[in-house]
Amino acid sequence: MWDEEADPLVASLLDRGDVPEVNRLLWDWNRNDQPLPAGLPADLRDFMERARRLPSWADRAKLETAATFTKARGLYLNLLNGVGGGMLSTAIPKEARAVYYSKGGADMEDRVAKTSIFGFAVGDLDAYRPQGSCVVEAVKTRLVHAAVRHLLQQSPHWAATSRSARRTCWSPGTRCRRSPCASCWSGGCRSPTRSRRRTCTCGR
């Protein structure tokens, strides 16, 4: 999926060479109630101030109930997350390639450790309270995913595996074309058939 707000912002930060300084400034930003550090680029600060606000429909009572449920059934939730969010991601071709060719993605121990930071923040009893960190980790994760989407398209490994995945998609009585390449793939075929073959719409 694409993030219409974060993607162009992070691409601009990368192109301007601002990322090392941004990483340094955000290193100690880890609590929901912390103000954003001084010195952040203005466009990034504006985005983060918006992104860190809970939506108007957020129900704090339900968030508290969810935290209590996690305390009682956290073992089962972690098991389901490990299978559904971890192992299953290696079975989805484009997602598996996206993670593998991201920095550290091929190192499963490192990958799990980084993913767990967000997972533990979500499940923490203080997740959305001022002293919690879930809001912070959500904003940071959103920025990191935008960076991955921007950088993957420049990776020769990604380009090579995307080209090798070219195929044509057929559904009964209809020929549809979808793109598996990094620059123009739009989400894959929605054909109900099991044998789904795709080809890139840009001709690659």
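The values are calculated or read from the model by the stated rules, or taken from the named source; none is laboratory data. Keep in mind the model is a prediction, meaning the values are calculated, not measured. Positions of Cβ are backbone-derived with ideal geometry, glycine not excepted, and every protein chain shown enters the neighbour counts. Protein only, heavy atoms only, side chains kept; ligands, DNA and RNA dropped before computing areas. Shrake-Rupley method; radii C 1.70, N 1.55, O 1.52, S 1.80 Å.
Is it the case, given these coordinates, that Gly132 is within 29 Å of Met48 (Cβ to Cβ), modelled with pLDDT under 85 and open to solvent by less than 80 Å² (accessible area, probe 1.4 Å)? Outline the logic, then answer.
Values: within 29 Å of Met48 (Cβ to Cβ): yes; modelled with pLDDT under 85: no; open to solvent by less than 80 Å² (accessible area, probe 1.4 Å): yes.
Criteria not met by Gly132.
Looking at segment 69-84, I want the residues that are under 15 Å from Phe118 (Cα atoms) and hydroxyl-bearing (Ser, Thr, Tyr) and have a partner that is assigned to a helix (DSSP H, G or I) and open to solvent by less than 100 Å² (accessible area, probe 1.4 Å) with Cβ atoms under 8 Å, at least 6 apart or on another chain. Which pairs are those?
Taking only residues 6 or more apart or on different chains, the pairs are Thr70/Leu77; Thr70/Gly123.
Hey, among Leu9, Leu40, Leu44, which residue is open to solvent by less than 30 Å² (accessible area, probe 1.4 Å), out of contact with any Gly (no Cβ under 6 Å at 6 or more places or on another chain) and not in a helix (DSSP H, G or I)?
Only one candidate qualifies: Leu40.
Identify, from the list Glu95, Glu49, Glu109, the residue that is open to solvent by less than 70 Å² (accessible area, probe 1.4 Å), assigned to a helix (DSSP H, G or I) and acidic (Asp, Glu). Write out each step before concluding.
Values: Glu95 fails: open to solvent by less than 70 Å² (accessible area, probe 1.4 Å); Glu109 fails: open to solvent by less than 70 Å² (accessible area, probe 1.4 Å).
Exactly one residue qualifies, and that residue is Glu49.
Given the criterion within 22 Å of the chain's Cα centre (by Cα), touching a residue at least 40 places away in the same chain (Cβ under 8 Å) and open to solvent by 40 Å² or more (accessible area, probe 1.4 Å), identify the matching residue among Leu54, Leu88.
Leu54
Looking at segment 59-68, is at least one residue closer than 20 Å to Val148 by Cβ and at pLDDT 90 or above?
no
Looking at segment 120-137, which of its residues are assigned to a helix (DSSP H, G or I) and either farther than 23 Å from Ala61 by Cβ or out of contact with any helix residue (DSSP H, G or I) (no Cβ under 6 Å at 6 or more places or on another chain) (or both)?
Matches in segment 120-137: Phe120, Val135, Val136.
Is it the case that segment 56-69 has a residue that's over 30 Å from Asp107 (Cβ atoms), part of a loop (DSSP other than H, G, I, E, B) and acidic (Asp, Glu)? Break it down into steps so the answer makes sense when it comes.
Going residue by residue through segment 56-69, those that are over 30 Å from Asp107 (Cβ atoms) are 56-69.
If we keep only those that are part of a loop (DSSP other than H, G, I, E, B) too, we end up with 56-59.
If we keep only those that are acidic (Asp, Glu) as well, we get 59.
Yes, that holds for at least one residue.
May I ask you to say which residue of Ala165, Ala121, Ala138, Ala147 is modelled with pLDDT under 80 and open to solvent by less than 70 Å² (accessible area, probe 1.4 Å)?
Working: Ala121 fails: modelled with pLDDT under 80; Ala138 fails: modelled with pLDDT under 80; Ala147 fails: modelled with pLDDT under 80.
When all the criteria are applied, what remains is Ala165.
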